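Just below is one structure, and these are the notes that go with it.
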Amino acid sequence: MAALLGQVPIFVGVPIAMLGLLSTVSPAAANTLQKIFQFWRAMAHLMLSNESPGKSTIKQLPDPDQLINHKTEKVNIIFVRHCESTWNEVFNRGNLVERLLMMPFRVARALFNEALQTPMGGSIFLDSPISVEGTAQARMLLAIVEGKEAVEKKSDDAEKSLKILRGTEGKSILVSSNLQRCLETIVIGFWGRLQRSGERVYVLSDLQETSANVDTMTLSKPKGLPPLLSLGAALEDEKFEPEKRFEASQNMGQKQIFEPGVTRIARFAGWCFDAKEASGSTIIVSGHSLYFKTFFQMYLGRSVDHVCKKKKIVNAGAVAFTLERGTVDGKLLYRIDPSSISVVVGGFSK
């Protein structure tokens, strides 16, 4: 056994060294070597990070309702949750019985697709892209945003928010997490608007999901984009050029292992008020279920009982609200006005 263990460095080191040599002349080998390091980094994050905030962490934050009756500035935000990802497809789709029965087949198919995508720099597990079902959801979102698909009228505020999403009312900007599923969702779901306006989507690393799971690790480099291998095909646009649709200068790349997710959320809340790009605009955010739920938990008053604190927004769902900022006893606080929350598309999970 000792002799066998002694051979481990050789079994591991020699293939890595060979890949390193090949990577100087082969993009496929370079992408494969990079994938190995990305998986190691993802596993380190999974084991060492304190990403997800506990209830005690939220309770230790100042109560946002201290802002009531204080002077505040306000910004309107619409959260749009990404469509189903390949990770969701493998591990989360269906009820418990269906998951148990289908899991081996789903994992086997995912591993096969992982092997196919690795030489091209893509992944099924790391920075999971949207699935086939997710693409269908994004196209349905596009139809709703463009007014080609009738939806149940939820409120007058929701009707106004749909026009904002479409880009036909007021001033608004599109921003997204640096993970593939969010970038794909916002481009497919808002493709009509993007073609009409010529605007670009701002990519913000501070919107990266607040979870330690490997699917929340970005494949993008600082100021860059992840592979987005299937986006052009989903848009039926062979000439699609991602760099012309995204503004990635504020993407700092991979999140830090020891940085709590609430820190990124707080930075994004500040960005909504301080960034020149956001000035006077409704901010349309393509992001993640846990990130959004944590945002509501942080900035709704501690005594407020609302479904958004307990449940996730459904895939391709959209929820609008108003975020306030003000100073109390010298401390800068943020608060969501609970009366401003309105479901625009979809809603919350059951």
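Contact list please: Cβ distance under 7 Å, first residue in the range 68-92 and on the phi < 0 side of the Ramachandran plot, second residue of a type in the set (F, W, Y) and open to solvent by less than 10 Å² (accessible area, probe 1.4 Å), pairs at least six apart or on different chains.
I77/F321; F79/F292; R81/F292
Restricting the search to the range 329-338, which residues are modelled with pLDDT of 95 or more and either over 17 Å from A266 (Cβ atoms) or not aromatic (F, W, Y) (or both)? Outline the logic, then answer.
At the first step, the residues of the range 329-338 found to be modelled with pLDDT of 95 or more are 332-338.
Within the range 329-338, L332, L333, R335, I336, D337, P338 qualify.
To keep it simple, each residue is scored yes or no on (1) in contact with a Leu (Cβ under 7 Å, 6 or more places away or on another chain); (2) within 25 Å of G167 (Cα to Cα).
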position	(1), (2)
Q250	yes, yes
V262	no, no
H288	no, yes
G326	yes, no
K331	no, no
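Going through S286, S349, S303, S279 one at a time, which residue ends up being of a type in the set (G, A, S) and either touching a Gly at 6+ places or on another chain (Cβ under 7 Å) or modelled with pLDDT of 95 or more (or both)?
Residue meeting the stated conditions: S286.
Taking into account only those residues within the range 235-270 that are over 22 Å from T216 (Cβ atoms) and of a type in the set (A, V, I, L, M, F, W, C), which is surrounded by the most Cβ atoms within 10 Å (Cβ to Cβ)?
Going through the qualifying residues, I end up with L235.
State all residues of the range 271-284 that are surrounded by 16 or more Cβ atoms within 10 Å (Cβ to Cβ) and either basic (K, R) or in a loop (DSSP other than H, G, I, E, B) (or both); if no residue qualifies, say none.
Result: A275, S281.
Give, as residue ranges, the strands (runs of 3 or more DSSP E) completely inside the range 286-350 that count at least 1 residues that are small (G, A, S) and buried (at least 23 other Cβ atoms within 10 Å of the Cβ). Let's see the steps before the verdict.
Values: elements: 318-328, 331-336, 342-345.
By residue number, 318-328.
Do any residues in the range 286-297 that are within 14 Å of F321 (Cβ to Cβ) have Cβ atoms under 6 Å from those of residues that are open to solvent by 10 Å² or more (accessible area, probe 1.4 Å), where the two are at least six apart or on different chains, and which pairs are they?
Filtered contacts from the range 286-297: K293/K312; F296/K309; Q297/I58; Q297/K309.
Take the residues in the range 152-168 that are open to solvent by less than 60 Å² (accessible area, probe 1.4 Å) and assigned to a loop (DSSP other than H, G, I, E, B), then tell me which one is farthest from G192 (Cα to Cα).
Here the residue is S155.
I need the full set of residues from the range 114-132 which are surrounded by 16 or more Cβ atoms within 10 Å (Cβ to Cβ) and in contact with a helix residue (DSSP H, G or I) (Cβ under 8 Å, 6 or more places away or on another chain), in order please. Show your work before the answer.
Narrowing the range 114-132 to residues surrounded by 16 or more Cβ atoms within 10 Å (Cβ to Cβ): 114, 117-118, 121-131.
Of everything in the range 114-132, those that are surrounded by 16 or more Cβ atoms within 10 Å (Cβ to Cβ) and in contact with a helix residue (DSSP H, G or I) (Cβ under 8 Å, 6 or more places away or on another chain) turn out to be T118, G121, S123, I124, F125, L126, D127, S128, P129, I130, S131.
Considering the range 189-230 alone, what residues qualify as being under 16 Å from the mean Cα position of the chain (by Cα), under 15 Å from L174 (Cβ atoms) and open to solvent by less than 20 Å² (accessible area, probe 1.4 Å)?
Of everything in the range 189-230, those that are under 16 Å from the mean Cα position of the chain (by Cα), under 15 Å from L174 (Cβ atoms) and open to solvent by less than 20 Å² (accessible area, probe 1.4 Å) turn out to be G189, F190, V201, V203, L204, L207.
If a residue must be over 22 Å from the mean Cα position of the chain (by Cα) and open to solvent by 20 Å² or more (accessible area, probe 1.4 Å), how many such residues does the range 58-83 contain?
14
The values are calculated or read from the model by the stated rules, or taken from the named source; none is laboratory data. Computed from a predicted structure; not experimentally measured. Note that each Cβ is placed from the backbone with ideal geometry, even for glycine, and that neighbours are counted across all protein chains shown. Note: accessible area is taken over every heavy atom of the protein model, side chains too, but ligands, DNA and RNA are not part of it. Shrake-Rupley method; radii C 1.70, N 1.55, O 1.52, S 1.80 Å.
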